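Participant: Pasting a structure below so you can have a look.
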């Protein structure tokens, strides 16, 4: 049995499907615990990663755990998992965990999460991913309203990865002979925000035009939807250059046996969201 936390998110939902398709028994955990949309045979369970007591019962009979980072109950959940007989944990992480910058809000919580799984006594794998292709869904409202699409950090190349590919690697890592340690996962191409807007326009048959925000404009818009320390973290990565997300690595293909999906493939699969 495998317990997938964050099972209704972009990555968790893909992982639940991948595991079910491979014949694994799966428990899909979300805060609401709703079964709608889950593959046949997958059991929905409710749990809150900030409240370990709500997760404890779901660990019964579980051998593998997919864990989301950044929640207050993580160390207790890992201790409960070990006591319940769980042997493997796969953690969703990010490439900024490798910077060691604990004073960076994003890198800091990922570093803490990785430290917790390393100290858990379980066989562990950390998936250090680049930015997700699904972040482009944040542009959907703008695209519905017109052809001008405002984008922050217009000069930042990133090798974004499809959550589908993260899930395929996670599914492999949850097997008894799966890869362990810190794995750096990237997409197959480094693109600018304008490149992604162009691809979306081609897929949607629209003449979309990217409008790059100035640093001041980007900060104002980002601080309207997230805490300032996280905005500072993204400025550190994409303006100050403390994290190079343009690097392309072969890890996905080495582990899954197939090349990671391109942004064009992702956009075609999710065109109806725009």
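The values are calculated or read from the model by the stated rules, or taken from the named source; none is laboratory data. Remember, predicted model here, so these are calculated numbers, not experimental data. We place every Cβ from the backbone using ideal geometry, glycine too, and count neighbours over all the protein chains shown.
Participant: Would you mind stating whether residue 149 is crowded, with 19+ Cβ neighbours inside 10 Å, touching a helix residue (DSSP H, G or I) at 6+ places or on another chain (Cβ under 6 Å) and part of a helix (DSSP H, G or I)?
Facilitator: no
Participant: Checking the condition buried (at least 17 other Cβ atoms within 10 Å of the Cβ), in contact with a helix residue (DSSP H, G or I) (Cβ under 6 Å, 6 or more places away or on another chain), without any contact (Cβ under 8 Å) to a residue 24 or more places away in the chain and assigned to a helix (DSSP H, G or I), which residue from 231, 252 passes?
Facilitator: That would be 231, the only listed residue that is buried (at least 17 other Cβ atoms within 10 Å of the Cβ), in contact with a helix residue (DSSP H, G or I) (Cβ under 6 Å, 6 or more places away or on another chain), without any contact (Cβ under 8 Å) to a residue 24 or more places away in the chain and assigned to a helix (DSSP H, G or I).
Participant: Also, I was wondering about something else. For the range 122-144, which residues satisfy the criterion of being under 22 Å from residue 268 (Cβ atoms) and free of Cβ contacts under 8 Å to residues at least 60 places away in the same chain?
Facilitator: Across the range 122-144, the qualifying residues are 129, 135, 138, 141, 142.
Participant: Still on this model: For the range 234-249, how many residues meet the condition of being closer than 20 Å to residue 93 by Cα and touching a residue at least 40 places away in the same chain (Cβ under 8 Å)?
Facilitator: Here the count works out to 11.
Participant: Same structure, new question: Could you tell me whether any residue of the range 113-122 is modelled with pLDDT of 95 or more, over 17 Å from residue 75 (Cβ atoms) and crowded, with 20+ Cβ neighbours inside 10 Å?
Facilitator: So far as the range 113-122 goes, no, none of its residues is modelled with pLDDT of 95 or more, over 17 Å from residue 75 (Cβ atoms) and crowded, with 20+ Cβ neighbours inside 10 Å.
Participant: Please indicate, with yes or no, whether at least one residue in the range 178-190 is at pLDDT 95 or above, over 30 Å from residue 120 (Cα atoms) and surrounded by 17 or more Cβ atoms within 10 Å (Cβ to Cβ).
Facilitator: For the range 178-190, residues at pLDDT 95 or above, over 30 Å from residue 120 (Cα atoms) and surrounded by 17 or more Cβ atoms within 10 Å (Cβ to Cβ): present.
Participant: When you check residue 171 against the structure, is it surrounded by fewer than 21 Cβ atoms within 10 Å (Cβ to Cβ) and either assigned to a strand (DSSP E or B) or touching a helix residue (DSSP H, G or I) at 6+ places or on another chain (Cβ under 7 Å) (or both), yes or no?
Facilitator: No.
Participant: Still on this structure: So which strands (runs of 3 or more DSSP E) are wholly in the range 22-107 and hold at least 1 residues that are on the phi < 0 side of the Ramachandran plot, surrounded by 23 or more Cβ atoms within 10 Å (Cβ to Cβ) and within 22 Å of the chain's Cα centre (by Cα)?
Facilitator: 26-30, 64-67, 88-94
Participant: Given the conditions (1) in contact with a strand residue (DSSP E or B) (Cβ under 9 Å, 6 or more places away or on another chain); (2) under 19 Å from residue 126 (Cβ atoms), report the number of the one that residue 44 does not fulfil.
Facilitator: All conditions are met except number (2).
Participant: Right, another one. Does residue 272 satisfy being assigned to a helix (DSSP H, G or I) and either over 21 Å from the mean Cα position of the chain (by Cα) or farther than 18 Å from residue 94 by Cα (or both)?
Facilitator: Answer is yes for this residue.
Participant: Could you check, for the range 163-171, whether at least one of its residues is modelled with pLDDT of 95 or more, under 29 Å from residue 66 (Cβ atoms) and more than 18 Å from the chain's Cα centre (by Cα)?
Facilitator: Within the range 163-171, not a single residue is modelled with pLDDT of 95 or more, under 29 Å from residue 66 (Cβ atoms) and more than 18 Å from the chain's Cα centre (by Cα).
Participant: Restricted to the range 207-228, and to residues that are in contact with a helix residue (DSSP H, G or I) (Cβ under 8 Å, 6 or more places away or on another chain) and in a loop (DSSP other than H, G, I, E, B), which residue is surrounded by the fewest Cβ atoms within 10 Å (Cβ to Cβ)?
Facilitator: 207
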